[in-house]
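The values are calculated or read from the model by the stated rules, or taken from the named source; none is laboratory data. This one's a predicted model, so the numbers in the text were calculated from it and none came from an experiment. With ideal geometry, Cβ positions are generated from the backbone for all residues, glycine too; neighbour counts draw on all protein chains shown.
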Amino acid sequence: MFERIDYYAGDPILGLMEKFLADNNPNKVNLGIGIYYDENGVLPVLDCVKTAEQRIADPIAPRPYLPMAGLPGHRKGCQELLFGKDAQILKDGLVATIATIGGSGALKVGAEFIHDWFPQAKCYVSDPTWGNHIAIFEGSDVVVGKYPYYDKANSSVKFDEMIAFFETLNKNDVVLLHPCCHNPTGMDLTREQWDTVLNVIQARELIPFMDIAYQGFGEDMDSDAYAIRKAVDMGLPLFVSNSFSKNLSLYGERVGGLSVVCPTVDETERVFGQLNATVRRIYSSPPSHGGRVVDIVMNDEALHEQWVGEVYAMRDRIKAMRFKLKSVLEAKIPNRDFDYITRQNGMFSFTGLTPEQVERLQSEFGIYMVSNSRMCVAGLNTSNIDYVANAMADVLKD
Ligand SMILES: Cc1[nH+]cc(COP(=O)(O)O)c(/C=N/[C@@H](CC(=O)O)C(=O)O)c1O
């Protein structure tokens, strides 16, 4: 009956987690999946979340279905985080926002929407990008292409090639963009470059789809949303998927959002309705527990302020690890350029190690990176960074 079903090769990121957990090496270090670990190598529960959880736990409340679009407070939290608390488009009711099952759920609903209502549209992702971008859009029968993005030789962005490529695209083609903290390269665009990108998108009448999964880990909450808000200022139609997995450290609660900025209130109503219809036919409604945590933290002024401070503390620890790793590697291999480590932004560093070198780190040292050489810098801490740097120096020297 099922003998013709293909074996699943596993996910290059999630599969790595399983291998890491099964590894008995006492010195093993997990630099694979994009998860923030604290200085003690522990996945934190944020203090603002602890308070929210206590409010949810007492008094304990029933767990009815949520609306298809999720809790209004979750949706409002997404909108104010992405567009700014006083954004005119929010006052004018021009944003259709649903709470989703993480950023992945947001991308899936967005991909289904594009397939259903823009059937001729192709979706172009950066080369390289987060692998699941391709799987999610292809899984919704959207044709996926790649736009030039990362220059491995110079650890930089192929900006001119990227723009030239966008100039060849057709009206309503979707371009999937990382507003900050690019995954997997960590290489972000400057504000001037974003302005140029958005001008080309406007001129070619492309559809920008911005996936922001690390807001607050780059510069700050508002700066990290520059591209989003600039697109709004330009009056562009815009899709934004966001994730609270990393910046609320709520990975397993599956909380995110999908927002669509529309030209008129009528179009907003139409889009919002179809987003709801799409949710209903995929997973019906989002999870309530995580949604309530988001609602409480995002809408309680004191908790929101505490949350921002906790995100910036995570951001700053990652930045400190970048500088430390760079200095240790420079000391060990003086003739090699490690500037990329501190030029890159957010949770990831694209180390440029070869697949063989990545494999040696794993097999000989128990250090896990994604096979494309992406390192989750948040897995580093003062206890393991010398071990990691020494191992990297060893494999780089041979
Ligand atoms: C750019 C991006 N977008 C969306 C997601 C999905 O987030 P979620 O809210 O958990 O559904 C992730 C997760 N990335 C990390 C984990 C994963 O691969 O699922 C990663 O790149 O390691 C991203 O890196």
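Listing for the model above:
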| item | result |
| --- | --- |
| Total residues in the stretch 361-383, condition under 15 Å from Phe350 (Cβ atoms) and among the β-branched types (Val, Ile, Thr) | 2 |
| Val311, sole failed condition from (1) closer than 20 Å to Met68 by Cα; (2) of a type in the set (Val, Ile, Thr); (3) within 16 Å of the ligand (Cβ to nearest atom) | (1) |
| Which numbered condition Asn372 misses (of (1) away from the ligand (no atom under 16 Å from the Cβ); (2) surrounded by fewer than 23 Cβ atoms within 10 Å (Cβ to Cβ); (3) touching a residue at least 60 places away in the same chain (Cβ under 8 Å); (4) of a type outside the set (D, E, K, R)) | (1) |
| Elements of type helices (runs of 4 or more DSSP H) contained in the stretch 56-119, each with 1 or more residues being buried (at least 20 other Cβ atoms within 10 Å of the Cβ) and within 16 Å of the ligand (Cβ to nearest atom) | 72-83, 102-117 |
| Unmet criterion (only one of (1) crowded, with 23+ Cβ neighbours inside 10 Å; (2) in contact (Cβ under 8 Å) with a residue 60 or more places away in the chain) for Leu177 | (2) |
| Residue count, the stretch 126-150 (criterion: farther than 15 Å from Met187 by Cα and within 11 Å of the ligand (Cβ to nearest atom)) | 5 |
| Residues of the stretch 141-190 that turn out to be assigned to a loop (DSSP other than H, G, I, E, B) and of a type outside the set (Asp, Glu), as a count | 22 |
| Qualifying residue in the stretch 218-230 (condition: more than 21 Å from the chain's Cα centre (by Cα) and part of a helix (DSSP H, G or I)) | no |
| Single residue of the stretch 261-276 satisfying the filter (surrounded by 13 or more Cβ atoms within 10 Å (Cβ to Cβ) and aliphatic (A, V, I, L, M)) that is farthest from Ser140 (Cα to Cα) | Val261 |
| Selection from the stretch 60-99 of residues that are more than 14 Å from Asn276 (Cα to Cα), touching a residue at least 12 places away in the same chain (Cβ under 8 Å) and of a type in the set (Gly, Ala, Ser) | Gly73, Gly77, Gly84, Ala87, Gly93 |
| Unmet criterion (only one of (1) surrounded by 13 or more Cβ atoms within 10 Å (Cβ to Cβ); (2) in contact with a helix residue (DSSP H, G or I) (Cβ under 9 Å, 6 or more places away or on another chain)) for Asn27 | (1) |
| The stretch 240-259 residues that are within 10 Å of the ligand (Cβ to nearest atom), paired with ones that are at pLDDT below 95 and in a loop (DSSP other than H, G, I, E, B) (beta carbon under 7 Å, 6 or more apart) | none |
| Checklist (1) out of contact with any strand residue (DSSP E or B) (no Cβ under 7 Å at 6 or more places or on another chain); (2) of a type in the set (D, E, K, R); (3) within 17 Å of Asn242 (Cα to Cα) applied to Arg75, failing item | (1) |
| Residue that is farthest from the ligand (Cβ to nearest atom), among those in the stretch 314-350 that are among the small types (Gly, Ala, Ser) and surrounded by fewer than 22 Cβ atoms within 10 Å (Cβ to Cβ) | Ala331 |
| Leu189 of a type in the set (A, V, I, L, M) and out of contact with any Phe, Trp or Tyr (no Cβ under 7 Å at 6 or more places or on another chain) | yes |
| Odd one out for Ala389 among (1) within 16 Å of the ligand (Cβ to nearest atom); (2) buried (at least 18 other Cβ atoms within 10 Å of the Cβ) | (1) |
| Residues located in the stretch 130-146, provided they are in contact with a strand residue (DSSP E or B) (Cβ under 7 Å, 6 or more places away or on another chain), crowded, with 20+ Cβ neighbours inside 10 Å and closer than 17 Å to Gly34 by Cβ | His133 |
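To keep it simple, each residue is scored yes or no on (1) within 13 Å of the ligand (Cβ to nearest atom); (2) outside any loop (DSSP other than H, G, I, E, B).
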site	(1), (2)
Phe2	no, no
Ala9	no, no
Leu16	yes, yes
Leu21	no, yes
Pro26	no, no
Ile33	yes, no
Tyr36	yes, no
